[in-house]
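First the structure, in the form of structure tokens, and then the observations on it.
The values are calculated or read from the model by the stated rules, or taken from the named source; none is laboratory data. The model shown is predicted, which means the values in this text are computed figures rather than measured ones. Counting neighbours? That spans all protein chains shown, and the Cβs are built from the backbone with ideal geometry, glycine included. Side chains included, ligands, DNA and RNA excluded: accessible areas come from the protein's heavy atoms. Shrake-Rupley method; radii C 1.70, N 1.55, O 1.52, S 1.80 Å.
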Amino acid sequence: MQRELFDESKNKKSGIMKSPGSGNKQSISELSGKLLEAGVLTNIDLALAEFLKKKGEANEDILLAISLVSAANRLGHSSLDLNRLNTDPASIFAQPGRKKPQFGDFTISEERLRSSPVTGNAEQDPETKLPVVLEKGRLYFNRYYNYEHDIAARLLAKAGERITNEKIPDDELKEWFEQLFDPGAESLYQKVAAAASLNRRLTVVTGGPGTGKTHAVLRILVLLMHQAGEEGLRVAIAAPTGKAANRVRESLIEGMEKLLESEIAVKIQGLTEAARAVPLQAQTIHRLLGVRYRSAGFRYNKTNPLPYDIVIVDEASMIDMALMSKLLEALSPQARLIMLGDKNQLSSVESGAVFADICSRGDLRKFTGDFGAFCGKAGITLPGEDILQNETKGAMTDSIVELVHSRRFTAGSGIGRLARLINSGNAQGAIALLEEGLDDVIWMDTDPKKSLKSMKDTLNKQFETFKSRKLSDSDKLRAMAGFQLLCAHRRGPGGVEELNGYIENLLGVDKNKSGEWYEGRPVMMTTNDYQLDVFNGDVGVTVAVPQIDIPERLETSQSVSAPALRIALEEFDYVRKLKTVRLFPVTQLQQMETCWALSVHKSQGSEYDTVLFALPDQDSPVLTRELIYTAVTRAKKKVIIAGSREMLKRAIHRKTLRFSGLAERLDT
């Protein structure tokens, strides 16, 4: 590749030669410069191409294609779709708010790529070690090809393995299902999910907020513990973030208490014993796999598998391709995997949309006749239209169950209706609903700062709660779930950083006097600290703790000095089975950030009574249907959307596109 390939100036043509045999009218160096200037490519992408040139690739059009793979990865795609690249490249690389990139006559054929010394042909050599891999019209970096290939192979293997249920007689199984689950059609697919967990080593349960994913998995665990009998089962429960792990733990504990206090525990012999055998600890996936100091690898892997019979993973939509690959690799062949998530939520920040790809099949409530017969043994009657007849039956067919009935949002709930309209891409209907004047969905067609100013009383009340010397630290932490501002961006106008500062000014916080830390400051952890057991996403509040001065002479009486600031974080005492509060000096957790405002990504796994979602005044790539849906469904009682109709329309019409071959691999 010529030095001119890295030149960021416009139209610099002198000394540039067209790549031999490329068939492109525009010189590759000139096109690379234009794409660099347009923001499609970065210097890192081009430096990668320069590195591969040293490995033996001399053709500039092939090197440009490889640079575009790097650019596609940065946008969340695991591969570069060559058909789209050759027919509509802007659909891959166009960014809202930027001029549409022009690729001219540039095309790249599979034949030319196969001739490259740095490109492996996966169809001929699936285990190729070359840095770039070509397979079925997709160009991958070797690492992402291996991730995708391994994820599909391991999921298909678990989904394809049927488990017999000889330990529980059919009559007893029916009784347990009848008692554990509520009667009526609303609970049908919760029962189906439980049946799938008994029948397969892989179960994927998807559904929106309040559809009963945790409710179902608790009962699944009780059933599996009863089935195991005295042998017992080793169970691990995990989530991508500490906050999500805490939430699933709390939901399971609350659900277990209700179950053991209900009449069901008396009616079903053996239920209490099975329920008490269910472990209710939860941890991050990184903690589960065993983070190794200064290593990208984990303690548990394919040569040292996890010592668990069942692994349950909540908020699976947040898991990126690399982490999902590591998790699946660490499971023993005999282990059951149960994944819970919402396929309509935001995907991971990193490359891939694994959970969405897993749940991409058209109708997730279609099952084979064999599985329908197994459900019948548990007293579950599947509707006739749910049983596949002559349609193609993929290996994943009986492993994926979608829950659609929400107990949190009734049929008339504004939040529930708004979420459905957003998911269907009906922007006009969503705006019409927001303008109806409902109590739980409110539209503020104004700048988010004006909306915050109008809600100053709410913010002041929350701030006074955080600062109160009369309330317990537990009360203050609970108050954090009362109201939350969510933003699309972290930086820039209308972003987290700007609005955090605006709220502090609105509340009269004088940082010239207090510095960064002040009493009542709500904070969120941004990294994992395994020594302190504090994880990315954990939230806390800054409290004042009285300090006692130790006198130099014993005869001098003690005196109380100015209070010291501490960070109050919630934790769970597994011995006493109750929530407690830990206090940390502010100097001990410097990775904390103010969280009056949070990004929607950071809010995943959380719920708040009231959410104010601030739409930005400028379009951006992150403003998508999935982002709006995720923001809206963080609210339990009320959601307020502030911003322009135009931005809301654009976001609802823009569905996240992440190109990969995973869905196709799983559809076999």
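The modelled label-to-label distance between Thr526 and Gln281, using points 7 Å beyond Cα along the C-beta direction, is 3.1 nm.
Fully extending the segment from Asn505 to Asn83 would add 146.8 nm, taking 0.36 nm per residue of separation and subtracting the current Cα-Cα distance.
Could you tell me what percent of the accessible area of the chain is made up of carbon and sulfur, with a 1.4 Å probe and every protein chain present? Answer for the chain is 47 percent, counting heavy atoms of protein chains only.
Considering only DSSP beta bridges whose two residues both sit in region 228-337, what percent are antiparallel, to the nearest 5?
Counting only bridges with both partners in region 228-337, antiparallel ones make up about 10 percent.
Please say if region 337-416 is rounded, prolate or oblate, where rounded means a/c under 1.5 for a ≥ b ≥ c the square roots of the C-alpha gyration tensor eigenvalues, and otherwise the choice is prolate for a/b larger than b/c and oblate otherwise?
Taking the square roots of the gyration eigenvalues as a ≥ b ≥ c, region 337-416 is oblate.
Report note on the peptides 601-608, 297-304: ranked by the mean count of other C-beta atoms within 10 Å, highest first, their order is 601-608, 297-304. Could you list the residues of region 142-172 with an amide nitrogen less than 14 Å from a label point located 7 Å from the Cα of Ala228 in the Cα-to-C-beta direction? None, by backbone N distance to the label point. The value of relative contact order for region 118-198, using C-alpha pairs under 8 Å at least six residues apart, is 15 percent.
Note that region 586-594 has calculated 3J(HN,Hα) couplings of 4, 6, 7, 10, 6, 8, 7, 10, 4 Hz, one per residue in order, obtained from phi through the Karplus relation 6.51 cos²θ - 1.76 cosθ + 1.60 (θ = phi - 60°); glycine and proline are x.
Think of a 1.4 Å ball rolled over the protein heavy atoms: the chain then has 45 Å² of accessible area per residue.
Compute, for Arg114, the solvent-accessible surface of its heavy atoms (probe 1.4 Å) with the complete set of protein chains present, and express it in square angstrom to the nearest 10. Approximately 120 Å² for this residue.
With a/c under 1.5 counting as rounded, go ahead and sort region 150-206 into rounded, prolate or oblate using the C-alpha gyration tensor (a ≥ b ≥ c being the square roots of the eigenvalues; past the cut-off, prolate if a/b is larger than b/c, else oblate).
oblate
With helices as the sole contributors, the chain gives -10500 deg cm²/dmol at 222 nm; each DSSP H run of n ≥ 4 counts as -39500 (n - 2.57), and the sum is divided by every residue.
Quick one: dipole size for region 62-200, taken about the Cα centre, charges +1 on Lys/Arg Cβ and -1 on Asp/Glu Cβ, in debye to the nearest 20.
About 940 debye.
Evaluate the Debye formula for region 142-181 with equal point scatterers sitting on the alpha carbons, no solvent, and hand back log10 of I(q)/I(0) at q = 0.15, 0.19, 0.35 Å⁻¹, in q order, two decimals. Each listed q maps to, in turn, -0.59, -0.67, -1.02. Using only alpha carbons, the chain has a radius of gyration to Kirkwood radius ratio (Rg to Rh) of 1.00. Short to long, the 5 Å bins of the Cα pair-distance histogram for region 24-140 hold 2, 12, 23, 26, 21, 10, 4, 1, 0 percent of all pairs.
Annotation: Cα Rg of region 475-548 relative to the compact-globule expectation 2.2 N^0.38 Å equals 1.25.
Over the chain, what is the relative contact order in percent, taking alpha-carbon pairs closer than 8 angstrom and at least six residues apart? Rounded, it is 14 percent for the chain. Stretched out straight at 0.36 nm per residue, the stretch from Ser514 to Glu350 would grow longer than its current Cα-Cα span by 55.4 nm. Need one word for region 72-214: rounded, prolate or oblate. Basis is the Cα gyration tensor (sqrt eigenvalues a ≥ b ≥ c); a/c below 1.5 gives rounded, then a/b vs b/c decides. Oblate, because a/c is 1.5 or more while a/b does not exceed b/c. Each of Glu273 and Leu260 was given a label point 7 Å from its Cα along the Cα-to-Cβ line. The distance between the two points is 1.6 nm.
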